[in-house]
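The structure appears right after this line, and notes come after that.
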Amino acid sequence: MKISQSYNVDKKGFYGEFGGAFIPEMLYPNIKELEENYIKLTSEINFKREFEQLLKDYVGRPTPLYYAKRMSEKYQTKIYLKREDLCHTGAHKINNTIGQILLAKRLGKTRIIAETGAGQHGVATATVCALAGINCVIYMGELDIKRQSPNVARMKMLGATVRPAISGSKTLKDATNEAIRDWINNPVDTHYIIGSVVGPHPYPDMVARFQSVISEECRYQLKEFEGREYPDHVIACVGGGSNAAGIYYHYLDDPRVNIIAVEAAGQGIKTGKSAATSVLGKIGIIHGSKTLLMQTQDGQITEPYSISAGLDYPGVGPMHAHLFDSGRAEFISVQDKEAMNWGLALSQMEGIIPAIETAHAFSILDVRKFEKEDVLLFNCSGRGDKDLDTYIDYFKL
Ligand SMILES: *Cc1c(COP(=O)(O)O)cnc(C)c1O
């Protein structure tokens with residue numbers, strides 16, 4: 001592949017034509033404060049030191065890179081798993097929330113808000129707020145609160161206040177609206193922790209930078225195994241796209257690396273019950289960012305669906321919209337049933353029970369043939385404990 005441009009963010013906050021900050025005027029001061037400070041503050045030596053220390057002692061980094069021997073034999077190629085499932089709280093999301101809480105402290109913020117769908121980001125946020133001793137309010141759709149009671153209990157146990165969003169469909173987008181409303185009303189003391197590479201600039205870039213620790217570690221870990229820092233293919237599931245952004249980050253502009261993104265096709269792309277944004281999305285604005293987005297002909301956001309709550313999002317972050325649009329990354333979409341079968345397969349082939357989100361990524365092995373000497377790097381973004389009830393129902397365990 002020829003690489004003639006950078007796939008990272010530009011000075012104005014765009015990835016190609018995607019990104020930017022399309023926000024109501026009342027949010028300008030909040031976004032401007034972040035934009036002016038995020039690079040400066042996160043580049044300071046004492047920030048880096050504290051971030052690295054917490055990633056090591058609290059999150060458990062570096063996460064292992066694991067050569068999946070039985071899987072590699074079966075698929076006749078070299079398969080490595082980056083074990084983000086071993087992070088504290090069970091997924092990559094904590095890398096970002098640690099980064100943002102440290103930034104919030106340096107901005108003098110005394111209160112944190114966040115929105116959550118399935119509750120994974122809510123738990124990661126409540127966790128770092130407990131760690132930092134900062135007040136935490138999590139907005140969550142009333143319907144999601146009913147569907148995700150264990151995560152609601154976790155957030156409460158960690159000391160967070162969970163506020164139900166009772167408008168609209170009572171799900172993630174309504175919780176987001178509530179969080180934005182809160183932020184407009186509390187611009188001085190409050191920081192809003194967004195959980196993926198979505199939202200207005202500088203969020204996508206800021207979150208990608210915090211998650212980039214994943215590919216930073218992969219470089220030296222792969223060097224030890226393979227004598228080279230890069231894989232031939234790097235593969236991750238994409239909801240908003242933060243675990244993917246993290247494992248792609250240091251390979252974005254490296255033409256030797258083929259990038260593969262796996263989206264959720266739910267019950268099938270044509271059924272109206274999917275979250276396959278690259279196939280079904282058109283350019284639009286969601287959460288302050290210009291990106292690819294599933295929408296009706298008159299521009300209303302379509303309700304997405306996936307069996308995995310973390311991929312159940314109607315857009316993708318602007319980095320991924322650009323990776324798709326430019327042809328830099330290969331996108332595939334995978335149905336619920338294929339992902340569920342991979343959840344079982346990975347458990348029995350390697351003894352690793354993955355999150356259902358994560359399980360989607362492995363489906364590439366069923367649709368694409370790789371060379372025996374190819375090095376495949378999968379992001380094992382999270383563990384399956386949270387999904388046990390779904391696995392139990394599905395497989396009648
Ligand atoms: C939240 C989540 C995802 C999806 O979010 P991204 O921002 O696309 O990474 C994927 N895997 C796991 C385990 C998650 O918890």
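Peptides 379-390, 249-260 ordered by packing proxy, namely the average of other Cβ atoms within 10 Å per residue, highest first: 379-390, 249-260.
Among beta bridges identified by DSSP and lying wholly in the range 239-397, the antiparallel ones come to about 55 percent.
Along the Cα-to-Cβ line of Ser149, 7 Å from the Cα, sits a label point; which residues in the range 110-126 have backbone N less than 13 Å from it? Hits in the range 110-126 for Ser149 at 13 Å: none. Here each label is just a point 7 Å from Cα along the line to Cβ, and for Glu52 and Asp385 those points are 2.9 nm apart. Local charge for Ile39 was computed over the other residues whose Cβ lies under 15 Å away, with Lys and Arg +1 and Asp and Glu -1, and equals +1. If one puts a single equal scatterer on every Cα of the chain and applies the Debye formula without solvent, what log₁₀ I(q)/I(0) results at q = 0.12, 0.13 Å⁻¹? Evaluating at q = 0.12, 0.13 Å⁻¹ gives log10 I(q)/I(0) of -0.89, -1.07.
Counting beta carbons within 10 Å around each of Met140, Met206 and listing the fewest first gives the order Met206, Met140.
Quick check: from the Cα gyration tensor, does the range 1-76 come out rounded (a/c under 1.5), prolate or oblate?
Note, shape of the range 1-76 comes out oblate.
For Ala160, neighbours were defined as the other residues whose beta-carbon sits under 13 Å from its Cβ, and their charges (Lys and Arg +1, Asp and Glu -1) total +3. When DSSP beta bridges are restricted to pairs lying wholly in the chain, around 30% turn out antiparallel.
Does the range 305-397 come out rounded, prolate or oblate, given a ≥ b ≥ c as the square roots of the eigenvalues of its C-alpha gyration tensor, rounded meaning a/c under 1.5 and, failing that, prolate meaning a/b above b/c? In terms of gyration-tensor shape, oblate. The gain in end-to-end length when the Lys369 to Ala132 segment is fully stretched comes to 80.6 nm, 0.36 nm per residue minus the alpha carbon separation. When the P(r) of the range 210-316 is calculated, the portion above 23 Å amounts to 37% of the C-alpha pairs. Distant-in-sequence amide contacts of Glu330, defined by a placed amide H-H separation under 5 Å and a gap of 5 or more residues or a different chain, comprise Ile259, Ile260, Ala261.
Over the chain, calculate the relative contact order: mean separation of alpha carbon pairs under 8 Å at least 6 apart, over the residue count, as a percent.
Relative contact order comes out at 20 percent.
With the convex hull of the Cα atoms taken as the outline of the range 1-130, the averaged projected area works out to 11.9 nm². Our compactness index for the range 271-354, the C-alpha radius of gyration over the empirical 2.2 N^0.38 Å, is 1.24.
The order of Met157, Met294, going from fewest to most other C-beta atoms within 10 Å of their C-beta, is Met157, Met294. In the range 100-236, the alpha-carbon atoms span a convex hull of 139 Å³ per residue.
Within the set of other residues whose C-beta is less than 10 Å from the C-beta of Arg383, count the net charge using Lys and Arg as +1 and Asp and Glu as -1.
Net of charged neighbours comes to -2.
Neighbour counts of C-beta atoms inside 10 Å place Trp183, Trp342 in the sequence Trp183, Trp342, starting with the fewest.
Taken together, the values in this text are just the output of simple stated rules run on the coordinates, not laboratory data. Keep in mind it's a predicted model, so treat the numbers as computed, not measured. A quick note on method: Cβ atoms are made from the backbone with ideal geometry, for glycine too, and the neighbour counts reach across all protein chains shown.
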